[in-house]
Amino acid sequence: MDVQESSNLSTLEDVPLLTAVDLSYSYDGSRLVLTNVSLEVRRREVLAIAGPNGSGKTTLVKHLNGLIKPTTGKIYYLEKEIRNPKDLMKRVGLVFQNPDDQVFFPIVEEDVAFGPKNMGLSPSEIQERVAYALNSMQILPLRNRSYYTLSFGERKKVAIAGVLAMKPEIIILDEPTIGLDPWSKKSFIDLINRLREDTTIILVAHDLDLLKISDRILFLKEGRILGEYHDFEIFRQQAIGEK
């Protein structure tokens with residue numbers, strides 16, 4: 001690799017994967033749920049979005065995934081403006097708080113294959129991606145099980161596997177530890193620490209244990225970002241008291 005190639009790679013690494021600029025959104029055309037929200041999402045980081053209930057966290061991440069189009073503001077992927085929200089869905093996977101909201105087939109393997117099939121991939125590529133996703137989630141033995149016989153924690157892992165099978169560059173996890181027992185919660189934190197080696201992760205979280213493992217925390221309140229924290233202890237001292 002010559003000096004120019006090395007320089008180009010270094011420059012690319014410095015470019016944010018995802019950038020939101022002055023996002024505002026209103027569901028009914030009057031009250032703003034988000035107001036002038038700007039943020040950057042960087043490669044292979046764990047970015048947490050925290051804040052009280054009703055602060056706009058889920059609405060924000062639906063913008064970052066392309067499920068919602070902003071009332072005003074722009075979103076960029078690698079500094080290229082996203083004009084069609086569907087272009088974001090190919091790059092950013094969103095795992096809902098309740099895994100039952102995104103189940104398509106009753107058998108685990110079929111459900112995980114749903115996304116790759118919709119991408120028009122060959123049968124061999126689909127099989128490869130399903131095996132990769134199930135192995136990554138450590139749920140390969142569940143591949144032939146009925147989704148509806150699984151525990152809540154197992155269902156969450158299947159939902160994440162379905163997103164992983166599409167190989168997005170960014171995965172958004174909306175409150176991934178809600179409803180989990182302590183052992184399952186620890187298992188999920190271990191999972192996030194494995195995924196972060198290759199994937200950029202955005203967490204919507206109240207859980208302090210999740211916030212502790214994040215590289216950055218954005219504190220959202222009443223639809224505005226009030227602070228950005230690189231240190232959990234500073235966040236706990238300054239932001240939690242503002243709820």
Query raised in the report: Once fully extended, how much extra length lies between residue 178 and residue 21, figured as 0.36 nm per residue of separation less the alpha-carbon to alpha-carbon distance?
Result: 53.5 nm
Report task. Please tell me the relative contact order of the stretch 60-186 in percent, rounded to the nearest whole number, where contacts are Cα pairs under 8 Å and at least six residues apart. Result -> 32
Query raised in the report: Which loop-located GluC sites (Glu not before Pro) does the stretch 144-243 contain, where loop means any DSSP state but H, G, I, E or B and the Cβ has at most 13 other Cβ atoms within 10 Å?
Result: 197
Query raised in the report: Full extension from residue 87 to residue 32: what is 0.36 nm times the residue separation minus their Cα-Cα distance, to one decimal in nm?
Result: 17.3 nm
Query raised in the report: Taking a 27 Å limit on the Cα-Cα distance, which of the listed pairs 62/212; 86/157; 69/167; 74/156 fall beyond it?
Result: 74/156
Report task. At 7 Å along the Cα-to-beta-carbon direction for both residue 42 and residue 189, put a label point, then send me their distance in nm to one decimal. Result -> 2.3
Requested in this report: Assuming 1.306 mPa s and 10 °C, estimate D for the chain with Stokes-Einstein, Rh taken as the Kirkwood radius over Cα pairs, in µm²/s.
Outcome: 84
Requested in this report: Subtract the Cα-Cα distance of residue 145 and residue 131 from 0.36 nm times their separation in residues, and report this length gain in nm to one decimal.
Outcome: 3.6 nm
Query raised in the report: Ignoring ligands, DNA and RNA, what accessible area per residue does the stretch 24-70 give at 1.4 Å, in Å²?
Result: 42
Query raised in the report: Rounded to a whole number, what % of the accessible area of the stretch 1-153 do carbon and sulfur atoms account for, probe 1.4 Å?
Result: 49
Report task. Would you compute, from DSSP H runs of 4+ residues alone, the mean residue ellipticity of the chain at 222 nm, taking -39500 (n - 2.57) per run and dividing by the full residue count, rounded to the nearest 500? Result -> -10500 deg cm²/dmol
Query - Per residue accessible area in Å² of the stretch 122-243, where ligands, DNA and RNA are left out and the probe is 1.4 Å - result: 47
Report summary line: With the dipole of the stretch 49-189 defined by +1 on each Lys or Arg Cβ and -1 on each Asp or Glu Cβ, the option from 149, 66, 166 whose Cα lies farthest towards the positive pole is 66
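The values are calculated or read from the model by the stated rules, or taken from the named source; none is laboratory data. Quantities reported herein were computed from a predicted structural model and do not represent experimental measurements. Counting neighbours? That spans all protein chains shown, and the Cβs are built from the backbone with ideal geometry, glycine included. These accessible areas exclude ligands, DNA and RNA; they are computed on the full protein's heavy atoms, side chains included. Shrake-Rupley method; radii C 1.70, N 1.55, O 1.52, S 1.80 Å.
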